[in-house]
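Okay, so here's the structure we're looking at.
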Amino acid sequence: MRPALATGLLGLLFLAAAALFDAEPLWVPGLAFATLAAGSVAWVVLAARGVTIVRSLGAQRVVEDEPVSVVLEVRAGQWALPTASVSDPLIAEGAVLPAGARGGRVRIDARFARRGRRSLGLPSVIVADPLGLATRTVSARASARDDEILVLPRIEALTSTAAGGDAARAARSGRPLAGAEVELDGIRPMRDGTPASRIFWPAIARGADPQERYLSDDGERQPLVVLDPRGAAGEEHLDAAVRAAASIAYALALAGGCGVLLPGDRRPTLLDGRLARWPQVHANLALVAPAGVPSLTGVAQWRGPVVFVSARMRLRLPPALGSRHGATRVLVVPGPIAERSAAFAVAGCSAYVLGGRRRARDARAAAAAANA
């Protein structure tokens, strides 16, 4: 209201000078300025009375860099709005509404570059007269809770490397090396919702009843994805590790199933091709903190392959991840390791096979070829 106050004071000065010096020409500008200031303030105050603004989110969860629709709806009270603009933390500049309108809508396509929970400040409407002498800001009701959006880590494709060998073929088929190490236990009648990757196609080719490959009920024979967020060199490395863990777990789940062990979990969460538990795992990945500590107790007893995703650069696995069953161990770190060949890459991270039955078989085959 400062411009209106200054205009009103100028009008009063003109009126005082006209009365003091009996200068009739000063009466007109004095009355004009005083009336203009008072009229602007009254107009804005009356127009702002009863104004409401409501924000509607198209989704409470959104993946990194994907747009989410946000609608800001403004409703006027008994008076039309002289001029108004909408302010919101999601837009850099205020959106101007048509003059004389009784409300309006503003649509925003918001994007968030990093995962995590985002708390949005309350939107507001700035009501002003056409000359900008008087303004009044009307915010959403103070009792209303700020809107929150959970930004989920994005899923990226696994990329085979030239030196990946068998891992390259596995990555091209949508499964990393850890997924290729899973051994199926047998064949059974196909159930509804079975992923195409587990259908036993030879039975269908023979004209027999549809069948599917299945894993043992013992979930510890499936691949296990473990995320360790500690010691990241920066937020970029931590986010890259989270995206890599999410991408690998998603790919393994579609390929037949896997377990996911995140910081704070007492036991792994098992995922299958139906992805029934994936939304909760995805949300937990979005909230992983840098100081989170994964519980590695019992992981050494895991009978299936273990993919250890670390947020910091390291050359070896923690001692607790040593395998007693000859299962494959895969180390995933941000960026490449010098003088080592990565099996596959994902989300800016590189994966390295550190041991397991396949590596032992390859070593024996190489030795036999050399002796021949």
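The values are calculated or read from the model by the stated rules, or taken from the named source; none is laboratory data. In this text the structure is predicted, and so the values were computed from the model without any measurement. Using ideal geometry, Cβ is built from the backbone for each residue, glycine included, and neighbour counts are taken over all protein chains shown.
Does Ala240 count as in contact with an Asp or Glu (Cβ under 9 Å, 6 or more places away or on another chain) and in contact (Cβ under 8 Å) with a residue 40 or more places away in the chain?
On the way: in contact with an Asp or Glu (Cβ under 9 Å, 6 or more places away or on another chain): no; in contact (Cβ under 8 Å) with a residue 40 or more places away in the chain: yes.
Taking the combined requirement at face value, the residue does not satisfy it.
Just wondering, is there one or more residues in the range 278-296 that are over 25 Å from the mean Cα position of the chain (by Cα) and either at pLDDT 80 or above or surrounded by fewer than 21 Cβ atoms within 10 Å (Cβ to Cβ) (or both)?
Just the residues of the range 278-296 that are over 25 Å from the mean Cα position of the chain (by Cα), to begin with: 296.
So of that shortlist, the ones also either at pLDDT 80 or above or surrounded by fewer than 21 Cβ atoms within 10 Å (Cβ to Cβ) (or both) come out as 296.
Looking for residues that are over 25 Å from the mean Cα position of the chain (by Cα) and either at pLDDT 80 or above or surrounded by fewer than 21 Cβ atoms within 10 Å (Cβ to Cβ) (or both), one finds at least one in the range 278-296, hence yes.
Within the range 257-275, is there a residue that is touching a Pro at 6+ places or on another chain (Cβ under 8 Å), among the acidic types (Asp, Glu) and assigned to a loop (DSSP other than H, G, I, E, B)?
Within the range 257-275, one or more residues are touching a Pro at 6+ places or on another chain (Cβ under 8 Å), among the acidic types (Asp, Glu) and assigned to a loop (DSSP other than H, G, I, E, B).
Where the second residue is part of a strand (DSSP E or B) and acidic (Asp, Glu) and the first is within 19 Å of Ala345 (Cα to Cα) and free of Cβ contacts under 8 Å to residues at least 40 places away in the same chain and lies in the range 247-263, which pairs have Cβ atoms under 7 Å and are six or more apart or on separate chains?
No pair meets every condition.
Have a look at Arg230, Arg267, Arg243, Arg206 and point out the one that is surrounded by fewer than 17 Cβ atoms within 10 Å (Cβ to Cβ), at pLDDT 90 or above and of a type in the set (Lys, Arg).
Values: Arg267 fails: at pLDDT 90 or above; Arg243 fails: surrounded by fewer than 17 Cβ atoms within 10 Å (Cβ to Cβ); Arg206 fails: at pLDDT 90 or above.
One residue alone meets the criteria, Arg230.
If a residue counts only when it is hydroxyl-bearing (Ser, Thr, Tyr) and either surrounded by fewer than 16 Cβ atoms within 10 Å (Cβ to Cβ) or under 37 Å from the mean Cα position of the chain (by Cα) (or both), which strands (runs of 3 or more DSSP E) contained entirely in the range 1-117 have at least 2 such residues? Explain how you work it out, then say what you get.
On the way: elements: 52-57, 61-63, 68-75, 83-87, 95-97, 103-110.
The strands (runs of 3 or more DSSP E) meeting that bar are 52-57, 83-87.
Between Gly322, Gly335, Gly348, which is of a type in the set (Gly, Ala, Ser), under 27 Å from the mean Cα position of the chain (by Cα) and farther than 20 Å from Leu252 by Cβ? Break it down into steps so the answer makes sense when it comes.
On the way: Gly322 fails: under 27 Å from the mean Cα position of the chain (by Cα); Gly348 fails: farther than 20 Å from Leu252 by Cβ.
Of the residues listed, the single one that is of a type in the set (Gly, Ala, Ser), under 27 Å from the mean Cα position of the chain (by Cα) and farther than 20 Å from Leu252 by Cβ is Gly335.
How about the range 87-125: which of its residues are farther than 25 Å from His282 by Cα and acidic (Asp, Glu)?
The answer is Asp88, Glu93.
Across the range 315-339, what is the number of residues that are surrounded by 15 or more Cβ atoms within 10 Å (Cβ to Cβ) and either at pLDDT 85 or above or among the hydrophobic types (A, V, I, L, M, F, W, C) (or both)? Write out each step before concluding.
Within the range 315-339, the first condition is being surrounded by 15 or more Cβ atoms within 10 Å (Cβ to Cβ), and the residues that meet it are 317-318, 321, 323, 327-334, 336.
Of the ones still in play, those that are also either at pLDDT 85 or above or among the hydrophobic types (A, V, I, L, M, F, W, C) (or both) are 317-318, 321, 327, 329-334, 336.
Adding up the residues that qualify gives 11.
Ala167 - would you say it is within 20 Å of Ala246 (Cα to Cα), in contact with a Leu (Cβ under 7 Å, 6 or more places away or on another chain) and at pLDDT below 80?
Working: within 20 Å of Ala246 (Cα to Cα): yes; in contact with a Leu (Cβ under 7 Å, 6 or more places away or on another chain): yes; at pLDDT below 80: yes.
Answer is yes for this residue.
How many of the residues in the range 63-82 are at pLDDT below 90 and hydroxyl-bearing (Ser, Thr, Tyr)?
0
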